[in-house]
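Q: Dumping the structure here so I can ask a few things about it.
The values are calculated or read from the model by the stated rules, or taken from the named source; none is laboratory data. Fair warning: this is a prediction, and the values are worked out from it, not measured in the lab. Here the Cβ positions follow ideal geometry from the backbone for every residue, glycine too, while neighbour counts run over all protein chains shown.
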Amino acid sequence: MLTVPVNISFQQAIELTQSLVSRMEQGTLSDAEIAQTIEALVQTVDGARGFFVGYLTDDPDDRPLADHPSQAAINALRTSPEVVSDLLVKNLVMSTAMAITHRRNENPEMAAGSDRVRSRTTALIQQLQLPEIQQKATQLRAATETNEGVYKDFLNRWQYDAEQREAMREAIDRVIGSVGE
């Protein structure tokens, strides 16, 4: 059984998630243990951020678990809809923007990694079907056009340019229609 500290740090959450994914692959955890660990991780922003970094960037050549999330993982993510929704929407647009950056820098391997994170994030969004995702995605999409709203600072902090913001809108548009349908 994996124990999640109450005040888990971002780095601790990444490390714990890597251990979780390894044990999931080995089949040494029950669905209940998987769900309990993920549920504990996503109760805090740092825990959830670390979980998504460790889970969504996991190497598919070694372990394709994140490409086919278990029902236990989906159910656990649903226990913290506000935190999970915000982070998934941000992961969707950040990975979209980073794929562009990596292609500009002629780094196809890194671009492929960002594309994989975007694809995995999209799949999670579609499986979770959380109304909070629809709301946050709509707010973030609007901010890419108006540079206003709750996601203004997030977009400006990373200095996303017009091409990246357009790609973000396209990524959001592809998933927004599937949420809540």
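Q: Identify all residues within region 72-95 that are part of a helix (DSSP H, G or I) and either among the small types (Gly, Ala, Ser) or at pLDDT below 95 (or both); write none if there are none.
A: Looking only at region 72-95, we keep the residues that are part of a helix (DSSP H, G or I), and these are 72-77, 81-95.
ALA72, ALA73, ALA76, SER85, SER95 - these are the residues of region 72-95 that are part of a helix (DSSP H, G or I) and either among the small types (Gly, Ala, Ser) or at pLDDT below 95 (or both).
Q: Identify all residues within region 96-152 that are outside any helix (DSSP H, G or I), under 21 Å from ALA66 (Cα atoms) and in contact with a helix residue (DSSP H, G or I) (Cβ under 8 Å, 6 or more places away or on another chain); write none if there are none. First the steps, then the outcome.
A: Looking only at region 96-152, we keep the residues that are outside any helix (DSSP H, G or I), and these are 105-107, 129-130, 147-151.
Cutting the leftovers down to under 21 Å from ALA66 (Cα atoms) gives us 129-130.
Listed by number, the list holds a single entry, LEU130.
Q: Do any helices (runs of 4 or more DSSP H) lying entirely in region 1-58 carry at least 2 residues that are more than 24 Å from LYS90 (Cα to Cα), and which ones are they?
A: Hits in region 1-58: 10-26, 31-41.
Q: Of all residues being more than 19 Å from the chain's Cα centre (by Cα) and not in a helix (DSSP H, G or I) in region 153-179, which is surrounded by the most Cβ atoms within 10 Å (Cβ to Cβ)? Just the residue, please.
A: Restricting to residues being more than 19 Å from the chain's Cα centre (by Cα) and not in a helix (DSSP H, G or I), the top hit is ASP161.
Q: Got a sec? Which of THR44, THR3, THR28 is among the β-branched types (Val, Ile, Thr) and either assigned by TED's automatic domain parsing to the domain that holds VAL117 or touching a residue at least 24 places away in the same chain (Cβ under 8 Å) (or both)? Working first, answer last.
A: Numbers: THR3 fails: either assigned by TED's automatic domain parsing to the domain that holds VAL117 or touching a residue at least 24 places away in the same chain (Cβ under 8 Å) (or both); THR28 fails: either assigned by TED's automatic domain parsing to the domain that holds VAL117 or touching a residue at least 24 places away in the same chain (Cβ under 8 Å) (or both).
So the residue among THR44, THR3, THR28 that is among the β-branched types (Val, Ile, Thr) and either assigned by TED's automatic domain parsing to the domain that holds VAL117 or touching a residue at least 24 places away in the same chain (Cβ under 8 Å) (or both) is THR44.
Q: Identify the residue in region 60-74 that is within 15 Å of the chain's Cα centre (by Cα) and surrounded by fewer than 17 Cβ atoms within 10 Å (Cβ to Cβ) and, among all such residues, is nearest to THR96 (Cα to Cα). Give the derivation first.
A: So the first thing to find is which residues in region 60-74 are within 15 Å of the chain's Cα centre (by Cα), and the list is 65-69, 73-74.
Still in the list and also surrounded by fewer than 17 Cβ atoms within 10 Å (Cβ to Cβ): 67-68, 74.
Numbers: ASP67: 17, HIS68: 20, ILE74: 23 Å.
Per the stated criteria, the residue is ASP67.
Q: Exactly one of these conditions fails for ALA32: (1) more than 24 Å from ARG157 (Cα to Cα); (2) in contact with a Leu (Cβ under 8 Å, 6 or more places away or on another chain). Give me its number.
A: (2)
Q: In region 153-174, which residues are among the polar types (S, T, N, Q) and closer than 15 Å to ILE100 by Cβ?
A: Filtering region 153-174 down to residues among the polar types (S, T, N, Q) leaves 156, 159, 164.
Within region 153-174, GLN159, GLN164 meet the criteria.
Q: Here's another thing I want to ask about it. Give me the pairs: first residue in region 156-172 and in the same structural domain as VAL93 (by TED's automatic domain parsing) and on the phi < 0 side of the Ramachandran plot, second residue outside any helix (DSSP H, G or I) and surrounded by 11 or more Cβ atoms within 10 Å (Cβ to Cβ), beta-carbon distance under 8 Å, and six or more apart or on different chains, which are they?
A: Within 8 Å, the pairs are ASN156/ASN147; MET168/TYR160.
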